[in-house]
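Engineer: Starting off with a structure, shown below.
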Amino acid sequence: MDRTGGFDERPGSAMSNTSSNKSEKEDMWSSMLSSVASSKRLPHKSILVLGGSAEGQKEFVESLGGGAGSSTGGGNRKGEKRPPIANEFALGYTYLDVLDADHEDVLARLGVYLISEPTPSFIPLLQPLFTPATLPETLVVVLLDWSKPWDWMRSIKTWVRLLRGIFTSLDDDCRRTLDEVTHAWETRRSTYTDAGGGEVTIPLGPGEFDEPLGLPLCVVCYNADKIEMLERERGWKEEAFDFVLQFLRTVLLKHGASLIYTTPSVPSPLRPLILSLLSIQSSSRQQSLKHNVIDRDKVLVPPHWDSWGKIRVLREGFDVEGIGSGWSIDISPGSTDQHGVEDGAVEIYEEVIKDPKRGDPEGLNLLNKSGGRGGIEVPAVDTQVFLAGQLELLEAKAAEEMAARGGKEDKYNTASGERVMEHVGPVQFNVGGIQVDAENMLERLKEREQTRASEREPGSPNLTSSDGKSQNEVLSAFFTSLMKKKGITKGASPGS
């Protein structure tokens, strides 16, 4: 019985172990499925990068992901390779994982779409990116290169009009979603929490967010190290850089956009700015975005910060109202992409910030027409060219003086001689230790000769020299010859 009972108990024990192993396997699979499900619940964000060169786009993506040696804290887990950036043809794509400070947990995944040229044939490639599900999680970034600042306004205008054309062609559900995104973005700007915990609504200022694009917009001006080149080689002054910044801020204020200048391999708040625009909350402690409109190569204008008043403070005389109205004309559906749009802001910008390839080798015009301010100094020309021009002027001046003098040489010499005599005074000689005034002696000799001639009677004797001249004439000739000698000055002896 016991043996039978023991036999009967063994199967029960085996069944118990089997059920225990089964439950453990079920728990393991549940954990794995739960992990997969949680990974699928990760926020998926999209960034549409417009413009910029292929290299500029790569630098932008690497600055977001925290490339090799970077301390920005993002991109890929330790030991993982970064995904390639495919942006050589038409619409490019890559992705990034936003990691926490320890590079362990993934906070969100970014899908980055890149397109360099606003070619109309690429529009069908962009339309599928905008759906009711993706629109609330999408950010638009426009890249501008400091190597060509004269193209900036036309580039922004082209991209804005292209996006507006795409958005108007979307279905009703997408357009309703765009309206909701616009309203949420506007509310984010105008609603604040006061000290008591209540919400305070602040009305929008003039020119602010009156041309909403539908999606949040950020303009990144990269290669800011070229600013020194513009100053050195093209003669840009502070007035020019202030004009560009005021123009950008006025235009972007109408779209509720943000602005940042970046330099390759130089730390910047670009990544925190992008994460903030995408509403990605990092687990690490992040400093708040601080505006900077003073350092010309480190400009940062956060969203919902700027205003007409702050733009005017940068430099007096800038017409924010006129530029804002002109920009609305430029991006209106009835305007064209040709040069010279009447009353447009792009035309004003390109008259001041000129493209050197369009007939202006200096690359810059005086800031008189649009800003009403003092002009910028003309950049210095090459030294040899300047000296050659000055030599021609000097030679022409010398020729004019020679022609003007012409036959007046004698008159000039006579006048010069009279001025010299006035300055030197009477000529004197030391004769036998006695100072003799030559001019006075000549006058006395002439007077004595005249007196003797008047008193001389017919038949009276006349003392003459061997050559038939009187003694007075001889003396007069002697003193005259002395006066004509060179090097005789007042008070000098004949031998000095």
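The values are calculated or read from the model by the stated rules, or taken from the named source; none is laboratory data. Fair warning: this is a prediction, and the values are worked out from it, not measured in the lab. Backbone-built Cβ (ideal geometry, glycine too); neighbour counts: all protein chains shown. Just the protein is used for accessible areas: all its heavy atoms, side chains included, with ligands, DNA and RNA removed. Shrake-Rupley method; radii C 1.70, N 1.55, O 1.52, S 1.80 Å.
Engineer: Determine the alpha carbon to alpha carbon distance for each of Lys226/Lys357; Lys254/Lys357; Lys148/Lys237 and list only those over 23 Å.
Structural biologist: Lys254/Lys357
Engineer: Then there's this: If packing is taken as the average number of other Cβ atoms within 10 Å across a peptide's residues, how do 228-235, 161-168 rank, most packed first?
Structural biologist: Details: 228-235: 14.0, 161-168: 16.2.
Output ranking for 228-235, 161-168: 161-168, 228-235.
Engineer: Give the accessible surface of segment 230-289 per residue, rounded to a whole number of Å², with probe radius 1.4 Å and ligands, DNA and RNA excluded.
Structural biologist: Accessible area per residue: 41 Å².
Engineer: With a/c under 1.5 counting as rounded, go ahead and sort segment 86-228 into rounded, prolate or oblate using the C-alpha gyration tensor (a ≥ b ≥ c being the square roots of the eigenvalues; past the cut-off, prolate if a/b is larger than b/c, else oblate).
Structural biologist: rounded
Engineer: So for the pair Leu91, Lys290, with labels modelled 7 Å out along Cα→Cβ, what separation do we get in nm?
Structural biologist: Placing both labels 7 Å beyond Cα along the Cβ direction yields 4.1 nm.
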